[in-house]
Amino acid sequence: MKVSKKAQSIPPSATMAVTGRAKEMKASGVDVVSFGAGEPDFDTPTYIKQAAIEAINSGKTKYTATPGIPTLRKAISEKFKKDNGLDYPAEQIIVNIGAKHSVYESMQAVLDEGDEVILPCPYWVTYPEAIKLTGATSKVVPTDRANSYKMTADQLKAAITDKTAMLLLNSPNNPGGFTYSEQELRELAKVLEGTDIMVLSDEIYERLVYGDTKFVSFASLSEDAYSRTITINGLSKAFAMTGWRLGYAAGPLDVIKAMGRLQSHMTQNAVAFAQEAAIVALSDPEGEVEKMREQFQIRAAHMADRLNSIGGVDCPQPTGAFYCFPDISAHFGRTIGDAKIGGSTDFAKALLEQANVAVVPGEPFGCNENIRLSFACSKEQIDKGIDRLEKWLS
């Protein structure tokens, strides 16, 4: 059967591939510790589930307006104003089927074939594939451990060409676990002044920051930043609602309208009763988000400390999201068991098959020297998995 060249060019998600293999092994009776998927181990808070049930029982199961029900868009507008100091009226907001959908749709609305997108490395595995599907190309900007893997203003300036149409920012970052400071963001914003470059700011991990880290929305920096930014967020991570598939985007009116036209032909609306539940979730009446964040903060410090105690492993302390991103390249060139370790993919494959620990190789994130471990799991599982990793490396 015929399969399009475009579809053939897109690899499966590396994170989902690792998670899938780990689940297969578990199903066959193997005791696997999985640090693969970026999915909270907490259940969706009860008050959110109850709101969805009530919406179903009251008949909220029909089509809605493509960009989302008015009450939810108003609630998102109020959230932006209260949490981020951003004035996005409801007509500048669209509700999507998860933040991944928001990313894809916003790129389809903005990018043309031949455009370039500046993509700081490390990057989430979906970004380059979403860019590719528009006909645009990724302009990858390498970073280094010395600057906590964050792109500098000088690097941004050097990457801009006459084809640059977009800068993609993700803070707090997946897979790096780092967060840009307000000053760092201001320096990047200054470089963009006077250009026509759009910014896609993926802020899905906004509420998951640790220590004295302060989250800042890129669009809040100035009128210029606001005018060029598409701000993406959602409910999957902070609210433990990954399977609900609810994301949203806000930005310039013409871009949001274009996204709405695309969505009307692609997916129509996000699930009606899930939208009703999202209104309640955003109000977080029982403070569940903060309770989960506090647990993630404890786990972040614990996992990083455990990793850094292992020889040949260098792990920055996470300031956001729920990932550690250690450099394990000191072990490249070794043979462990019957596996020759030439890069992060070899490392991750051998670790899973020999020690029953699932991690994601850094290669699909643009950093072959690293692996990604999610600490969205219990402290007991973290210790169990790190114990196995330490023993395997020794």
### Message
Tell me whether the range 176-197 contains one or more residues that are under 25 Å from residue 327 (Cβ atoms), buried (at least 24 other Cβ atoms within 10 Å of the Cβ) and touching an Asp or Glu at 6+ places or on another chain (Cβ under 9 Å).
### Response
no
### Query
Among the residues of the range 175-213, which ones are over 27 Å from residue 362 (Cβ atoms) and not in a helix (DSSP H, G or I)?
193, 194, 195, 196, 197, 198, 212
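What helices (runs of 4 or more DSSP H) completely inside the range 1-81 contain at least 3 residues that are crowded, with 18+ Cβ neighbours inside 10 Å and either touching a helix residue (DSSP H, G or I) at 6+ places or on another chain (Cβ under 7 Å) or touching a residue at least 40 places away in the same chain (Cβ under 8 Å) (or both)? Write out each step before concluding.
Details: elements: 5-8, 14-27, 46-57, 70-79.
By residue number, 14-27, 46-57, 70-79.
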### Task
Would you point out the residue of the range 331-353, among those that are closer than 19 Å to residue 311 by Cα and polar (S, T, N, Q), that is farthest from the chain's Cα centre (by Cα)?
335
#### Entry: Single residue of the range 304-329 satisfying the filter (of a type in the set (Gly, Ala, Ser) and loosely packed, with under 14 Cβ neighbours inside 10 Å) that is nearest to residue 361 (Cα to Cα)
312
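Is there a residue in the range 375-386 that is surrounded by fewer than 20 Cβ atoms within 10 Å (Cβ to Cβ) and on the phi > 0 side of the Ramachandran plot? Lay out the reasoning, then the answer.
Initially, the range 375-386 is screened for residues surrounded by fewer than 20 Cβ atoms within 10 Å (Cβ to Cβ), giving 378-381, 383-384.
Those left that are additionally on the phi > 0 side of the Ramachandran plot: none.
No: zero hits.
Could you list all residues from the range 150-167 that are surrounded by fewer than 23 Cβ atoms within 10 Å (Cβ to Cβ) and not small (Gly, Ala, Ser)?
Taking the range 150-167 as the starting set, the residues that turn out to be surrounded by fewer than 23 Cβ atoms within 10 Å (Cβ to Cβ) are 150-165.
The answer is 150, 151, 152, 154, 155, 156, 157, 160, 161, 162, 163, 164.
With respect to residue 113, is the statement that it is acidic (Asp, Glu) and not in a loop (DSSP other than H, G, I, E, B) true?
Numbers: acidic (Asp, Glu): yes; not in a loop (DSSP other than H, G, I, E, B): no.
No, not satisfied.
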### Summary
Those residues of the range 266-292 which are in a helix (DSSP H, G or I), at pLDDT 95 or above and closer than 30 Å to residue 166 by Cα amount to 275, 278, 282
#### Entry: Which listed residue, of 296, 332, is crowded, with 19+ Cβ neighbours inside 10 Å, within 27 Å of residue 127 (Cβ to Cβ) and either touching a Cys at 6+ places or on another chain (Cβ under 8 Å) or at pLDDT 95 or above (or both)
296
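The values are calculated or read from the model by the stated rules, or taken from the named source; none is laboratory data. Keep in mind the model is a prediction, meaning the values are calculated, not measured. Heads up, the Cβs are rebuilt from the backbone with ideal geometry, glycines too, and the neighbour counts pull from every protein chain shown.
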